[in-house]
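Values in this text are rule-based calculations from the coordinates and carry no lab data. Bear in mind that the values here come from a model prediction, so they are computed numbers and not experimental data. When we count neighbours, we look across all protein chains shown, and the Cβ atoms used for this are built from the backbone with ideal geometry, even at glycine.
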There are 2 protein chains.
Amino acid sequence: MKTEIRSHCPISYTLDLLGDKWSLLILRDILFKSKNSYQDFLDSEERIATNILASRLKKLVEQDFLIKKRNPNNKKQFFYFAAPKAIELIPALTEFIIWGAKFDQHTAVPKDFLLKMETDKLQFVEHTQAQQKSLLNSNDSYSD
Amino acid sequence: MKTEIRSHCPISYTLDLLGDKWSLLILRDILFKSKNSYQDFLDSEERIATNILASRLKKLVEQDFLIKKRNPNNKKQFFYFAAPKAIELIPALTEFIIWGAKFDQHTAVPKDFLLKMETDKLQFVEHTQAQQKSLLNSNDSYSD
DNA sequence: AACCTTTACTTGTTTTTTGCAAGTAAAAAC
DNA sequence: GTTTTTACTTGCAAAAAACAAGTAAAGGTT
């Protein structure tokens, strides 16, 4: 899978890597919902197709957004962890959360949660990033 | 054009509205590059096709991201202005700029500009938003 | 040891979206 | 009155996504 880069405008570049229907939703599952396996992603309510999921995971690993590791307790299962390139997307995705919650009349985000998130935005971002970094480090020893 | 909403997760919702290959690039042109007309958008280096541009502009107007107005000095030309729903995307797009500039080895963004943007992020965001709001207001009197 | 389940995919086909080339139509300029 | 500008539309080809089904290996169950 080759990703065509339309230009070196930073917004365009980001969209070329991640601006399809599913890549950012997989990253959302990992970064904000503690999901890590193929089956976890399949179970998400947006219902990604198996072939699309497989091809997106492959691309995200190839492009260093995700790191794929065997579950040491179950040789047939793999876990996907956020690499630094993905962890650095947390500020942008946080702004998407704020925007989406503000303009979706039927948003799943509770009002008080949103309010807290907006006032303590930096804290929320840094806390989420620290969480992902420690997850990544704690599994450093695993193979694959 | 009907937009299917996959879920009311705010990230998913945002992507359902804007997560195609071109919508956010049109908004970038308006929000960050002072572009406002059909011809301006066609001239962008990413080379959108005319039919796609027309259909995206229609959708963005229908969904209240953009306001379409006649050029009062040239009856055949239209201008597209960012509505509040688009102006509120500036924080998210700013994070995309920062991310894209950081991870694209060949980014068009100069290092010192990026550094200034990161340290004075809030100021950059608010300045860009204020600019767009005044543009919108100053054209309030135009018809269409 | 044989069978069933879990897990992570792949394959083949249909549908939807995008891309490309050309054409239209009305206002404006010359 | 002819050409140019501006904003599109149309028709067809190519690419991407969606859907349904199948594969294959590891693990668990009897």
Per principal axis, largest first, the Cα atoms of the range B:20-144 extend in Å by 43, 30, 25
How charged is the neighbourhood of residue A:127? Take every other residue with its Cβ under 13 Å from the Cβ of residue A:127, and add Lys/Arg as +1 and Asp/Glu as -1.
+1
Pairwise centroid distance, computed over Cα atoms, of the range A:29-101 with the range B:1-77, Å
29 Å
Taking the mean number of other Cβ atoms within 10 Å as a proxy for protection, how do you rank B:18-24, B:124-130 from highest to lowest?
B:18-24, B:124-130
At 20 °C and 1.002 mPa s, grab the translational diffusion coefficient of the protein assembly as shown from Stokes-Einstein with a Kirkwood Rh over Cα pairs, rounded to a whole number in µm² per second.
106 µm²/s
Within the P(r) computed for the range B:55-98, what percentage of the Cα pairs occupies the region above 12 Å?
65 percent
Would you mind computing, in nm to one decimal, how far apart the modelled labels at residue A:42 and residue B:78 are, each placed 7 Å from Cα along Cα→Cβ?
4.5 nm
Could you list which residues have their amide H under 5 Å from that of residue B:83, counting only those 5 or more apart in sequence or on another chain, with H placed in the peptide plane?
B:66, B:67
Need the full-extension length gain, residue A:130 to residue A:108, defined as separation in residues times 0.36 nm minus the C-alpha distance. One decimal, nm.
5.4 nm
What is the local net charge at residue B:31, summed over the other residues whose Cβ is closer than 14 Å to its Cβ (Lys, Arg +1; Asp, Glu -1)?
-1
If you count, for every residue in B:43-51, the Cβ atoms of partner chains within 10 Å of its Cβ, what is the mean?
2
